[in-house]
Amino acid sequence: MVDFPLTGEQLALDLVNTRPRLPTGPVDLLATPAGLREWLAIQADRVSAPADAESVREVVLAVRELAATGLSALRQGKPPPESVLTGLTEVQRAAPVFLALSWADGVVATPERAGSAARRVGAELAQAVAELLAGPVESVRECESEDCVLLFLPAHPRRRWCSAQRCGNRARVARYYQRHKG
Ligand SMILES: [Zn+2]
């Protein structure tokens, strides 16, 4: 099992947060087939499940790169590179949404995406990133723990850590030792 330090944030943030910095250094948790498979399983209620996770690897990593670059620019108060904006647009355009109609005591319209699994997954992720970049991006915070790069959208303004267990406790312990040193 791969230990994803933070999931359950906005989809775009969950995606960027698959490259955390651990005590051993930066890691890419999607680098292995198991990591990619497990992350897609965690996101199953918001990302289509491809029959073969490896078939979507390239597009998932590409959208993550666009998301990270775009977020990083905006968080520094700069416009994202043009290539990020056009890239995210193109990935969505490759798998347009349509309404699939069926009958169940009335016409039921279900939004679906056209295209291969890779194109659909890419478009779903790119749309989530687009919504974040065009939306509440200024509210995105980075965990205050010195060596942590995880991003989140705080539901309440006092949230400072990616997770209270992971970084909150560590910071409290560090402060304790700082105070009681010597
Ligand atoms: Zn953290």
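Is there a residue in the range 99-120 that is within 20 Å of D3 (Cα to Cα), among the polar types (S, T, N, Q) and either in contact with an Asp or Glu (Cβ under 6 Å, 6 or more places away or on another chain) or surrounded by fewer than 19 Cβ atoms within 10 Å (Cβ to Cβ) (or both)? Scanning the range 99-120 turns up no residue that is within 20 Å of D3 (Cα to Cα), among the polar types (S, T, N, Q) and either in contact with an Asp or Glu (Cβ under 6 Å, 6 or more places away or on another chain) or surrounded by fewer than 19 Cβ atoms within 10 Å (Cβ to Cβ) (or both).
The residue of the range 39-74 that is surrounded by the fewest Cβ atoms within 10 Å (Cβ to Cβ), among those that are assigned to a loop (DSSP other than H, G, I, E, B) and aliphatic (A, V, I, L, M), is A51.
Looking at the structure I just gave you, is R170 more than 23 Å from L36 (Cβ to Cβ), within 16 Å of the ligand (Cβ to nearest atom) and in a helix (DSSP H, G or I)? It is true that R170 is more than 23 Å from L36 (Cβ to Cβ), within 16 Å of the ligand (Cβ to nearest atom) and in a helix (DSSP H, G or I). Only one of the listed residues (L36, L6, L30, L13) is at pLDDT below 95, buried (at least 20 other Cβ atoms within 10 Å of the Cβ) and not small (G, A, S). That residue is L6. For the range 16-27, a residue qualifies if it is of a type in the set (K, R) and modelled with pLDDT under 95, and exactly one does: R21.
Tallying residues that are part of a loop (DSSP other than H, G, I, E, B) and of a type in the set (G, A, S) within the range 1-15 yields 1. A search for C-beta distances below 8 Å between a residue of the range 21-44 that is among the β-branched types (V, I, T) and any residue that is at pLDDT below 95 and not in a loop (DSSP other than H, G, I, E, B), counting only pairs 6+ apart in sequence or on different chains, returns V27/R21. Look at the range 142-167 and say how many of its residues are more than 9 Å from the ligand (Cβ to nearest atom), part of a loop (DSSP other than H, G, I, E, B) and crowded, with 17+ Cβ neighbours inside 10 Å. Counting residues in the range 142-167 that are more than 9 Å from the ligand (Cβ to nearest atom), part of a loop (DSSP other than H, G, I, E, B) and crowded, with 17+ Cβ neighbours inside 10 Å gives 0. If the condition is being free of Cβ contacts under 8 Å to residues at least 40 places away in the same chain and either under 13 Å from the mean Cα position of the chain (by Cα) or surrounded by fewer than 22 Cβ atoms within 10 Å (Cβ to Cβ) (or both), then the range 121-130 contributes only Q127. Here L133 passes the criteria (1) more than 16 Å from the chain's Cα centre (by Cα); (2) more than 14 Å from the ligand (Cβ to nearest atom) except the one numbered (1).
The values are calculated or read from the model by the stated rules, or taken from the named source; none is laboratory data. Given the structure is predicted, the values throughout are model-derived calculations rather than measurements. Neighbour counts run over all protein chains shown; Cβ positions are idealised from the backbone, glycine included.
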